[in-house]
1. Identify the single condition in (1) of a type in the set (D, E, K, R); (2) at pLDDT 70 or above; (3) surrounded by fewer than 12 Cβ atoms within 10 Å (Cβ to Cβ) that ARG2 does not satisfy, given that it satisfies every other one.
2. Within the range 162-182, restricting attention to residues that are assigned to a strand (DSSP E or B) and free of Cβ contacts under 8 Å to residues at least 40 places away in the same chain, which residue is surrounded by the most Cβ atoms within 10 Å (Cβ to Cβ)?
3. Return the only residue of ASP95, ASP136 being touching a Lys or Arg at 6+ places or on another chain (Cβ under 8 Å) and free of Cβ contacts under 8 Å to residues at least 24 places away in the same chain.
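The values are calculated or read from the model by the stated rules, or taken from the named source; none is laboratory data. Because the structure is predicted, anything quoted here is derived from the model rather than measured. Every residue, glycine as well, gets a Cβ built from its backbone with ideal geometry; the counts of neighbours run over all protein chains shown.
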Amino acid sequence: QRPPPGIPATPNEGMWYYRSDDKGLTWSTPIQIDPNVNFAGQGNMVVSPDGKFLAVLRYEEKQSPRDAPTYEKGHWYLVTSEDSGATWKRKDAFDLTSELAAALPTTAIDANGTIYSVWSQERNGTSTMMIAITKDRGASWSPPRELGVRDGAQVMPWIAAKSPGSLGLIWYQADLPGRASK
């Protein structure tokens, strides 16, 4: 299939945003929100209840253009809009301190605007779910910490926010410790 008009024909031109306010009948002009090409380091977009604040958590590593990412010691950042997607900016978030077990973070935003991010990262040889929280739209983050729900490998978490501080989480679980990538 061909992409909608105005969308790049190849996926290696960064991340793009466009919207429809009439259930998909018409679309805004696409705008590039991040020039970074990273197929494995972004998850879902979250939107505040009033629709004005939008955010996508992304990942990058310092590397030469010829090297493939290792997903071991990179950095998370948030691409945000405060004006319903008209303009976007990048905000640094937090460092990844060990191997990323599944390079798909997921985020949720509650009615108070608190953003929760979860992902799976190797800790002591085992893929473990981690969480970080920001209460100021990405200006500052809590230190990443283990969720500590069970022993064994935990990968591909998905989080949803119901009401302020009320969260739901699903993930894949293995009974034995180990790395999800092996």
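1. Exception for ARG2: condition (2).
2. For the range 162-182, the residue satisfying everything is GLN173.
3. Only one candidate qualifies: ASP95.
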